[in-house]
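The values are calculated or read from the model by the stated rules, or taken from the named source; none is laboratory data. In this text, all values refer to a predicted model and were calculated from it rather than measured experimentally. Virtual Cβ from ideal backbone geometry, glycine too; neighbours counted across all protein chains shown.
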Amino acid sequence: MKKLFYILIFFSFAFFSVSSKAGNMNARCKPFVQAPHLTIKVKFEPLRYDYSKAPRTLEKMHQKEYNGVTHDNYRINGLTPYNLKTTLEFNIFKKVFNDGVTCFYPGQIDLVLTLKDPVIYIARDIKRGSCEYKITMRHEQTHEQVNLDALEYYLPKIRDAFIATVKKYAVAGREQDDVPLEVVQENLHKKYFEALNPLLEELQQEIAKEQSKFDTLENYNYESSLCHKN
């Protein structure tokens, strides 16, 4: 399994302005708030193997749960789903001046990308140690490696987009202390994920494209021929 990817990033504030007044208030906040401490982690849960499913069950999972395409006269002997879980946690703090101007800013920000419950399914009626078992296992392990490689490839893009967004919305000033911290936190949470979601969708599409290269009739025929040589 891949090692834990762990990055600690310290950065200075960047401020956004919807008007000169807002910009002035944000600039006023700058000397009085601390820069957030940003942590980005990628976790890979332990890979497990499941031999309990019938081929028909794997086919239904492939079609309904993962939008997979099946080919006539070919059954599903194995399956390797992909499940990326994204969690984001942070707190919002504020500083209120005597004239009512309020500075809102995040403290510790933790973004965690987790490859959740990676599993390789092998049809239960395939005899372990057989040629068909070995070919199926190799095929599914290739799918799992694609999952890992794609996430590793896209990680710098995801990291950079997230850092840029956090910098952009690091602090905001208001004339009055009239907004609950929960509202500010919810708004920031939405903005962070607006930056992340397009990249996560692109990652999913890239994984699907790469996986499809192994699930072709040509490759199925080739793999089948390995166990049926004259």
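Identify, by number, the condition in (1) part of a helix (DSSP H, G or I); (2) aromatic (Phe, Trp, Tyr); (3) touching a residue at least 60 places away in the same chain (Cβ under 8 Å) that residue 214 doesn't meet. It fails just one condition, (1). For the stretch 27-53, the candidate set comprises residues that are at pLDDT 90 or above and of a type in the set (Phe, Trp, Tyr); within that set, the residue that is farthest from residue 88 (Cα to Cα) is 51. In the stretch 206-226 there is no residue matching the filter, namely being buried (at least 17 other Cβ atoms within 10 Å of the Cβ) and more than 30 Å from residue 63 (Cβ to Cβ). One residue stands out among those in the stretch 79-103 that are not polar (S, T, N, Q) and not in a strand (DSSP E or B): the one that is farthest from residue 43 (Cα to Cα), which is 99.
Given the structure, is residue 206 outside any loop (DSSP other than H, G, I, E, B), without any contact (Cβ under 8 Å) to a residue 40 or more places away in the chain and within 23 Å of residue 142 (Cα to Cα)? Considered against the rule, which asks whether it is outside any loop (DSSP other than H, G, I, E, B), without any contact (Cβ under 8 Å) to a residue 40 or more places away in the chain and within 23 Å of residue 142 (Cα to Cα), residue 206 comes out as no. Applying the criterion of being touching a Pro at 6+ places or on another chain (Cβ under 7 Å) and surrounded by 22 or more Cβ atoms within 10 Å (Cβ to Cβ) to the residues of the stretch 106-125, the residue that is nearest to residue 182 (Cα to Cα) is 106. Can you find a residue that is closer than 30 Å to residue 207 by Cα, surrounded by 14 or more Cβ atoms within 10 Å (Cβ to Cβ), in contact with a His (Cβ under 7 Å, 6 or more places away or on another chain) and at pLDDT 85 or above anywhere in the stretch 147-165? Checked the stretch 147-165: no residue is closer than 30 Å to residue 207 by Cα, surrounded by 14 or more Cβ atoms within 10 Å (Cβ to Cβ), in contact with a His (Cβ under 7 Å, 6 or more places away or on another chain) and at pLDDT 85 or above.
Output the residues belonging to the stretch 27-51 that are of a type in the set (Ser, Thr, Tyr) and over 23 Å from residue 145 (Cβ atoms). Residue satisfying the conditions is 39 alone.
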